[in-house]
Amino acid sequence: MKGRGKNLTLAIIALAFFLQTFSLARPSLWHDEGISVYIASKGLREILRETGATDHPPLYFLLLHFWLGLAGKSEFSVRFFSVFWGVTSVALLYPLGLRIFGVGNAQLAMLLLASSPFFVRYAQEARGYTLWVALILVSFYFLGRGWKENAPRFWLAYSLSALAALYTHFFSAFALAAQAAYVSFRLLLRADGRLFPWPKRAITFSFLSVVLGFLPWIPCLIYQVKFNATYWPGTLNLGKALREWLRAFAVGETLSGPWARVGEILFLAFIVVGIVAAFANFRKQKHRFFIALYPAFAFATFALLLFSFARNHPKYHPRYLLPTLPLALLLFSNGVDFLKGKASYLPYPFFLAFLWANLLSLQNYYLNPALSRDDFRLVVDYINRNAQPGDGVILVGGHFFPVFEYYNRTGLPFYPATPGILPRVDKPITSWEAAMLLNEVAFRHRRVWLVLWQEELADPRHIFADLLTTYAQRLPVHLKVDRGPALLLFSLENSRHFFPTPPITHPSHAQFEDNLKLLGYDLGGSGWVRYHHDERASFRRGETIYLTLYWEANGPVSRNYVAFTHLLDGEGKLRSGMDKLLGEGYYPTSRWIPGEVYWQDYPLPIPSELPEGRYWIEVGLYDLRTMERLQVLGEANRPLGDRILLGLVEITP
């Protein structure tokens with residue numbers, strides 16, 4: 001490398017270091033980073049055991065374990081381990097880009113990666129993503145060296161880096177499949193037969209050694225794919241996933257509006273031109289063409305395999321494609337170089353516009369609090385400062401206890417609502433489980449702090465907040481949290497027992513089709529009866545009828561249903577009403593557990609011009625897809641109609 005080119009390369013590496021260390025310790029650790037510290041702080045055997053039961057391979061946590069022993073557990077030191085691999089990834093892009101496109105393109109790709117808001121974000125996160133990127137780049141580089149020179153040391157380096165990538169992230173399998181597909185493609189077309197012999201035996205041995213090396217972890221992988229319940233069942237919205245990918249790769253996740261669209265358009269345009277430029281070399285230099293095709297082929301194959309897998313396992317985020325970002329930027333730089341060759345100044349205004357969009361996104365990432373990570377540190381520090389002797393903390397959902405534990409400097413007793421470090425959307429907490437935990441906490445503590453984060457996964461019905469509001473006294477919390485967990489505080493002085501279901505003031509036993517049963521209802525005037533104990537059947541015009549319905553599933557429910565609640569006059573004319581999906585989205589009826597009681601609130605506003613008199617409250621269920629009402633069933637499942645008249649209420653002036 002010549003002096004000027006070397007200085008430019010070092011300057012880009014220095015820029016990457018600056019951007020990745022700038023304001024590194026300012027944001028709070030968030031849930032995923034808390035998991036990293038929690039696992040890496042254990043012994044080596046415990047790390048293997050913990051990662052074997054979660055969706056994380058062990059290599060990053062093992063390396064972080066030794067790093068923490070040297071550097072400590074501050075936010076800066078924990079994240080600096082990722083910075084090291086992030087800067088290393090930028091540096092590694094140079095030799096890979098040099099072999100594929102040349103010096104200028106390699107340096108331009110380095111600059112783009114160093115200033116990528118998406119890459120900077122994950123280089124500042126205490127997770128294994130930058131280690132993953134670095135290992136994938138190393139494997140790509142040594143695969144190319146091994147192919148050309150067929151030296152055992154290069155094939156050994158490829159096998160070790162590819163195996164290490166697999167032990168860092170399971171989706172490395174897609175990168176290896178992309179490499180295997182590319183190698184097979186070249187061998188099939190015999191593109192290089194006259195230039196150098198095909199190293200078939202070495203290639204086969206290398207890929208086989210990677211597979212054999214990963215065999216000990218295959219049972220863990222199968223278990224995690226089969227039983228992972230951290231995402232909602234369904235299918236991937238491919239259009240939305242592609243839009244999220246494009247936004248993240250082009251300008252990061254902290255920019256929207258016109259400049260974001262400009263960045264996306266330019267990102268795609270330069271990549272397309274870069275691929276076209278590679279095809280333009282086909283007739284002139286077949287060998288160079290196949291080398292230039294390397295990043296495009298690998299990027300497309302990796303993305304295709306990931307989206308195919310995620311179609312029926314819709315736990316997707318653009319970060320799962322992060323190892324392909326350097327490959328995309330190599331194509332981007334090739335597009336810039338191709339246009340520069342056609343007209344020397346043509347690409348520069350567009351390239352500068354793209355850099356400006358990235359600069360705006362970086363500015364938002366560093367300086368806009370509304371776009372920062374969830375602030376666990378702020379919430380836990382507030383608890384530590386304001387806690388009294390005898391206080392306890394309940395964490396809902398409980399899976400974020402590692403990051404709470406990290407900031408819990410005073411050692412305040414805490415109780416995760418659900419076990420484990422990963423959420424399980426298939427097993428939300430029941431009212432019985434919530435009541436048991438609340439009774440345990442009430443026995444031991446005089447006050448309880450309720451910390452809510454991703455509670456829609458563990459407690460989609462908000463049982464903890466509901467039961468505490470029903471049976472305990474809520475105390476003020478003087479804390480404003482823009483992004484992060486919600487915080488509530490309750491006194492347990494006069495609340496020594498919690499029941500799983502609030503008392504139903506008007507019991508009923510109306511059986512509907514599809515195993516749904518209405519157990520009863522409450523009618524409140526100044527608020528929900530379970531909170532305010534204001535049960536009445538007479539209301540004034542302009543007030544609100546606070547209606548609570550109590551439901552139970554007798555067995556599995558096949559579909560998701562909407563409950564309608566209507567206020568009818570004597571002629572059956574609708575005067576007020578509310579329709580609401582049972583479970584309100586996060587816990588629809590198809591997921592209900594048989595035997596569990598579910599309650600849901602329906603505020604019915606009384607029009608101020610409504611004539612005084614007596615009005616019926618009508619309730620029923622219907623299928624949102626077909627709008628067909630469910631029948632109320634009598635003896636021997638005989639249909640009795642498609643509604644229930646709960647009773648009469650009096651409306652007065």
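Here, each number is a calculation from the coordinates, and none is a lab measurement. Predicted, not measured: the structure shown is a model, and the values here were computed from it. Quick reminder, even Gly has a Cβ in these numbers, built from the backbone with ideal geometry, and neighbours come from all protein chains shown.
Rounded to two decimals, the Cα radius of gyration of segment 3-371 over 2.2 N^0.38 Å is 0.98. Each principal axis of segment 539-653 carries a Cα extent, and these read 45, 32, 25 Å when sorted largest first. A straight Cα-to-Cα reach below 25 Å connects LYS580 with the lysines LYS427, LYS517, residues fewer than 8 places away in its own chain not being considered. Output the 0 to 90 degree angle, nearest 10, between the alpha-carbon long axis of helix 129-149 and the longest principal axis computed from the alpha carbons of the chain. Around 30 degrees separate the two axes. The lysines whose alpha-carbon is closer than 20 Å to the alpha-carbon of LYS340, local same-chain residues fewer than 8 away aside, are LYS284.
Under the criterion of Cα pairs below 8 Å and six or more residues apart, the relative contact order for segment 506-652 equals 26 percent. Each residue, ASP482 and GLU543, gets one label point 7 Å from its Cα in the Cβ direction; the gap between the two is 4.2 nm. Our note on the geometry: Cα centres of segment 323-387 and segment 1-65, 19 Å apart. Normalising the average separation of contacting C-alpha pairs (under 8 angstrom, six or more residues apart) by the number of residues puts the relative contact order of the chain at 10 percent.
By how many degrees, 0 to 90 and rounded to 10, does the Cα axis of helix 200-214 deviate from the longest principal axis of the chain? Around 30 degrees separate the two axes.
Order 536-548, 93-105 from most to least packed using the mean count of other Cβ atoms within 10 Å.
On the way: 536-548: 17.0, 93-105: 20.5.
Per-residue Cβ counts within 10 Å, averaged per peptide and sorted highest first, yield 93-105, 536-548.
Per the Debye formula on identical point scatterers at the alpha carbon atoms of the chain, with no solvent, log10 I(q)/I(0) at q = 0.06, 0.07, 0.10 Å⁻¹ is -0.45, -0.59, -1.01. Pairs of Cα atoms nearer than 8 Å and 6+ residues apart set the relative contact order; for segment 460-506 it is 41 percent. Pairwise Cα separations in segment 414-501 fall into 10 Å bins from 0 onward with the following percentages, short to long: 17, 50, 30, 3.
How would you rank 17-26, 127-136, 603-612, highest first, on the average number of other Cβ atoms within 10 Å across their residues? Don't jump to the answer; show the numbers that get you there.
Numbers: 17-26: 16.3, 127-136: 26.3, 603-612: 13.9.
The most tightly packed comes first, giving 127-136, 17-26, 603-612.
Rounded to the nearest 0.05, what FRET efficiency do SER77 and THR235 give with R0 = 35 Å and r taken as the Cβ-Cβ distance? Could you check? Here the calculated transfer efficiency is 0.25.
Assuming 0.36 nm per residue, please report the length gained on full extension of the stretch ARG444 to SER526 beyond their Cα-Cα distance. Please list the in-between numbers first.
On the way: separation 82, 0.36 × 82 = 29.52 nm, distance 3.32 nm.
In short, 26.2 nm is gained.
In summary, the aspartates and glutamates within cross-link reach of LYS573, defined as a Cα separation below 12 angstrom excluding same-chain residues under 8 places away, comprise GLU618.
For the chain, the longest principal axis of the Cα atoms and the long axis of helix 431-444 meet at an angle of about 90 degrees.
Measuring between their Cα centroids, segment 435-487 and segment 98-168 lie 46 Å from each other.
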